[in-house]
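Q: A single structure is presented below for examination.
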Amino acid sequence: MYFLETAILLFIGSFLLTYLTIPRIIGVVEYKRLMDDPNHRSSHKSKTPTLGGIAFFYCLVFTLFFIKGRAEHLEYIYIIPGLTILFIVGLKDDLVVLSPVSKLIAQILAISFVLVNDSFGIESLNGFLNIYEIPYYLYLVIGGFLMLTIINSYNLIDGIDGLASIVGIVIMVIYTTIFYLSQEYFFALIAITMNACLMAFFGFNVSSNKKIFMGDTGSLIIGFVISILTLKFLALEPTAYGELPFLLENAPLIAISILIVPLFDTARVFTIRIANKKGPFSPDRNHIHHILIDFWGLSHKQASFIIGCFNIIFVVLFIILGSKAKNTGMVIMLVSVVIFLAFIFFRYNYNFTTLKQKILLRRKIDAIKGKKESSPKKKKEKK
């Protein structure tokens with residue numbers, strides 16, 4: 001009962017704090033002219049305020065102060081330094097673009113604070129692919145790679161209105177459930193807090209007159225929190241899995257299913273860029289959300305909603321299978337699904353020049369159709 005009361009208060013408080021302060025952030029950004037200017041890659045056409053992630057930062061810091069008593073191993077002390085580093089780096093990148101190398105160094109420094117905490121240590125994979133105990137140095141490699149991948153994957157899907165918010169909400173709801181069932185209430189409350197922030201932000205992100213982007217300030221913070229929750233999920237004690245609706249050995253696959261949208265999109269985009277002899281972080285419009293908009297003609301809201309629904313369905317499917325199936329069969333299924341999805345989007349393997357030409361041609365055709373439809377109306381009015 002005490003957890004429920006705390007969770008409700010934190011959710012309402014975080015939601016209101018974010019909802020009430022974002023308009024102030026928009027006002028300051030517009031006054032100081034710090035808005036994001038659209039370019040040839042942008043999905044928006046007008047200057048839009050950014051820095052929405054500022055609200056995420058101080059809201060999470062306040063939350064960590066109020067729920068610090070629930071941390072068994074003083075995890076909050078190790079989270080705040082990494083959170084602050086990524087906030088500063090994201091803020092600077094939104095104002096003055098940083099190089100990928102600079103951002104990567106900052107991310108490594110931020111995650112190092114988390115990795116040294118024993119509470120996040122992965123000592124065993126509990127039989128996943130017949131792997132049990134793993135040495136400490138291997139945990140550092142696996143944990144570091146995992147956190148870096150999640151942070152950058154989430155950062156990369158923040159390309160259209162609502163997508164990062166919806167995917168983040170889905171992930172936070174799932175982790176809230178997992179940590180509540182495993183009685184890790186500290187992390188459940190963190191997930192609830194971030195969920196409230198994302199829900200409050202979502203309304204502004206899809207608004208037509210009060211729009212704001214979370215920017216790297218927000219996407220790096222959310223990605224960092226997701227990576228922490230994922231690492232903690234994999235580091236749970238075997239006894240904590242008793243109430244969870246899937247087998248202990250399937251935990252790594254459940255984690256992948258929860259993060260399937262950012263992980264699959266990043267892997268696909270990086271593969272295309274490397275195949276085209278470009279750097280993996282070079283900008284383009286090869287993301288899945290760009291394909292849904294540019295080629296399938298969907299709006300930002302429609303594309304975000306479809307991707308969010310896919311994420312939910314995928315997680316539910318793997319949790320159901322994970323309650324009975326062995327991980328070998330689930331690995332085969334996961335690989336099959338990834339190959340199938342890659343095949344579907346294979347024909348959209350294009351370079352930016354080709355895409356730009358197709359978009360311009362499509363706009364010309366739409367303009368011509370619009371003129372043809374309007375001309376008969378004008379003739380009727382004259383008569």
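Q: Mind listing whichever residues of segment 111-137 are in a loop (DSSP other than H, G, I, E, B) and either open to solvent by 80 Å² or more (accessible area, probe 1.4 Å) or in contact (Cβ under 8 Å) with a residue 60 or more places away in the chain (or both)? First the steps, then the outcome.
A: If we filter segment 111-137 for residues that are in a loop (DSSP other than H, G, I, E, B), which is where we start, we get 116-117, 121-123, 129-130, 134-135.
Across segment 111-137, the qualifying residues are VAL116, GLY121, ILE122, GLU123, LEU129, ASN130.
Q: Right, here's the next one. Quick check on this structure: which one of ALA303, ALA251 is touching a residue at least 12 places away in the same chain (Cβ under 8 Å) and under 22 Å from GLY53 (Cβ atoms)?
A: Going through ALA303, ALA251 in turn, the sole match is ALA303.
Q: On to the next question. Residue check, ALA191 against (1) closer than 20 Å to SER119 by Cα; (2) among the aliphatic types (A, V, I, L, M); (3) free of Cβ contacts under 8 Å to residues at least 24 places away in the same chain, all met but one. Which one?
A: Result: ALA191 fails condition (3) only.
Q: Restrict the check to segment 163-175 and report whether at least one residue is more than 27 Å from VAL316 (Cβ to Cβ) and open to solvent by less than 30 Å² (accessible area, probe 1.4 Å). Give the derivation first.
A: We begin by selecting, within segment 163-175, every residue more than 27 Å from VAL316 (Cβ to Cβ); these are none.
No; the residues of segment 163-175 include none that is more than 27 Å from VAL316 (Cβ to Cβ) and open to solvent by less than 30 Å² (accessible area, probe 1.4 Å).
Q: Hey, another quick one. Between TYR78, TYR19, which is under 22 Å from ALA188 (Cα atoms) and within 21 Å of the chain's Cα centre (by Cα)? Before you say what the answer is, go through the steps one by one.
A: Values: TYR78 fails: within 21 Å of the chain's Cα centre (by Cα).
Of the residues listed, the single one that is under 22 Å from ALA188 (Cα atoms) and within 21 Å of the chain's Cα centre (by Cα) is TYR19.
Q: Considering only residues that are hydroxyl-bearing (Ser, Thr, Tyr) and within 20 Å of ILE256 (Cα to Cα), look in segment 176-195 and name the one that is most open to solvent (accessible area, probe 1.4 Å).
A: Here is the first cut: in segment 176-195, the residues hydroxyl-bearing (Ser, Thr, Tyr) are 176-177, 180, 182, 185, 193.
If we keep only those that are within 20 Å of ILE256 (Cα to Cα) as well, we get 176-177, 180, 182.
Details: THR176: 26, THR177: 71, TYR180: 111, SER182: 12 Å².
Ranking the candidates gives TYR180 first.
Q: Another question, if that's okay. Looking at (1) over 30 Å from THR239 (Cβ atoms); (2) assigned to a helix (DSSP H, G or I); (3) open to solvent by 60 Å² or more (accessible area, probe 1.4 Å), which is the only condition LEU140 fails?
A: (1)
Q: Given the criteria open to solvent by 40 Å² or more (accessible area, probe 1.4 Å), out of contact with any Asp or Glu (no Cβ under 8 Å at 6 or more places or on another chain), part of a helix (DSSP H, G or I) and modelled with pLDDT of 90 or more, does ILE222 qualify? Lay out the reasoning, then the answer.
A: Numbers: open to solvent by 40 Å² or more (accessible area, probe 1.4 Å): no; out of contact with any Asp or Glu (no Cβ under 8 Å at 6 or more places or on another chain): yes; part of a helix (DSSP H, G or I): yes; modelled with pLDDT of 90 or more: yes.
Spelling it out, it is not the case that ILE222 is open to solvent by 40 Å² or more (accessible area, probe 1.4 Å), out of contact with any Asp or Glu (no Cβ under 8 Å at 6 or more places or on another chain), part of a helix (DSSP H, G or I) and modelled with pLDDT of 90 or more.
The values are calculated or read from the model by the stated rules, or taken from the named source; none is laboratory data. The shown structure was predicted, so the numbers you read here are calculated from the model rather than taken from an experiment. Positions of Cβ are backbone-derived with ideal geometry, glycine not excepted, and every protein chain shown enters the neighbour counts. Just so you know, the surface numbers come from the protein's heavy atoms only, side chains and all, with ligands and any DNA or RNA stripped out. Shrake-Rupley method; radii C 1.70, N 1.55, O 1.52, S 1.80 Å.
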